[in-house]
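Inspection log for the structure reproduced underneath, given as structure tokens.
The values are calculated or read from the model by the stated rules, or taken from the named source; none is laboratory data. Everything quoted here is computed from the prediction, not taken from an experiment. Note that each Cβ is placed from the backbone with ideal geometry, even for glycine, and that neighbours are counted across all protein chains shown. Note: areas computed on protein heavy atoms with side chains; ligands, DNA, RNA excluded. Shrake-Rupley method; radii C 1.70, N 1.55, O 1.52, S 1.80 Å.
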Amino acid sequence: MTRPVHAQPYGVESEPSIDIRQFIDGAAGLLGGAANVIMQLAHPPVGYGVVESPVESGNVMVHPIKRLRTTITYLAVALMGTEADREAYRAAVDTSHRQVRSKPGSAVKYNAFDPKLQLWVAACLYWGSKDLYERMHGPMNEADAEAFYQYSSRLGTTLQMRREMWPVDRVAFEAYWAENLAKTSIDPHIRAYFEDLIDLRMLPRPVGSAFGGIHRFFVTGLLPQHLRDEMGMTWTPRQDRLLARIMRTVGAAEELLPTPVRIFPINVYLMDMRLRCRLGLRLV
């Protein structure tokens with residue numbers, strides 16, 4: 001069963017009637033965030049667009065807390081926001097994205113408004129979200145898996161990706177994912193950026209020293225094998241079993257929590273965004 005929604009300027013959406021909150025785990029986003037960033041930026045135009053971006057306020061190495069807020073707010077708005085929320089946040093993100101385009105001397109051509117690049121980013125967010133959910137709670141049933149997949153098109157259409165660009169079903173998505181994941185590559189310049197991100201070098205040294213190792217464990221374990229190979233990472237069956245136990249334990253603990261606690265901090269960032277809108281404050 002589907003429900004109509006307001007037409008978007010970039011294409012009409014048709015979404016299943018689901019309570020998306022059942023698929024959201026606040027802890028999962030924090031555990032899998034860096035791995036998902038690497039998936040996205042391993043597509044060279046996306047990676048160079050981020051690394052060369054002149055928008056300092058969005059640079060995770062300079063403003064890590066602000067960048068975290070911007071990213072989680074985007075997910076909150078895309079997944080749980082109203083049409084008005086999405087339009088407001090799209091306008092705010094567009095202001096920053098207008099500055100993100102390759103220069104004549106750039107090694108890779110890119111434009112943050114390219115809907116094909118936004119499709120790749122949305123695909124990474126969907127794939128990572130589903131992977132984390134199933135690691136924590138087990139496989140989705142067929143109806144839930146299809147509903148979640150179709151709903152996840154909002155991860156792209158909240159920006160310029162047109163709804164018809166989203167692969168028509170999960171079979172089509174798997175073909176798109178396999179083809180485009182195989183094309184990803186990480187050159188030394190982007191790899192150095194990733195190493196800093198994984199080791200938490202954007203945070204005060206005591207924090208990075210204390211948590212960098214465990215962060216690297218989760219990042220390595222949650223990457224597709226192709227990207228582990230690109231990063232020169234090793235991952236053993238023993239480590240994989242340990243990660244599986246940790247994820248199921250976290251998932252079991254989260255299932256005992258009331259929904260507002262389980263989806264924290266995504267719900268809080270959505271409220272923060274709406275308050276900023278009312279007060280006329282900057283959103284990104």
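The table that follows gives values for the structure above.
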{"quantity": "Relative packing of peptides 193-201, 44-52 - highest average C-beta neighbours within 10 Å first", "calculated": "44-52, 193-201"}
{"quantity": "Cα centre as origin, Lys/Arg/Asp/Glu Cβ charges: the chain dipole, Debye", "calculated": "800"}
{"quantity": "Shape call, the range 38-161: gyration tensor on alpha carbons, a/c limit 1.5", "calculated": "prolate"}
{"quantity": "Spin-label zone in the range 128-170 - amide nitrogen under 19 Å from a point set 7 Å from the Cα of A252 along the C-beta vector", "calculated": "132-140"}
{"quantity": "Accessible area per residue in Å² at 1.4 Å probe, computed on the chain", "calculated": "49"}
{"quantity": "Potential extension, V55-T259 segment - 0.36 nm per residue separation minus Cα distance", "calculated": "69.9 nm"}
{"quantity": "Set of aspartates and glutamates near K103 by C-alpha distance (under 16 Å), chain-local residues within fewer than 8 positions excluded", "calculated": "E52, D114"}
{"quantity": "Extension reserve of the T236-R282 stretch, reckoned as 0.36 nm per residue once the Cα distance is removed", "calculated": "12.1 nm"}
{"quantity": "Accessible area of the range 71-173 belonging to carbon and sulfur atoms, whole % at 1.4 Å probe", "calculated": "58"}
{"quantity": "Nitroxide proxy distance, nm - points 7 Å out along Cα→Cβ at A172 and R245", "calculated": "4.3"}
{"quantity": "Computed log₁₀ I(q)/I(0) - Debye formula, equal Cα scatterers, no solvent, the range 126-284, q 0.15, 0.20 Å⁻¹", "calculated": "-1.26, -1.47"}
{"quantity": "The range 56-132: trypsin sites (Lys or Arg not before Pro) in DSSP coil with no more than 12 other Cβ atoms inside 10 Å", "calculated": "R98"}
{"quantity": "Residues in the range 68-101 reached by a label modelled at F113 [backbone nitrogen below 15 Å; 7 Å Cα→Cβ]", "calculated": "90-101"}
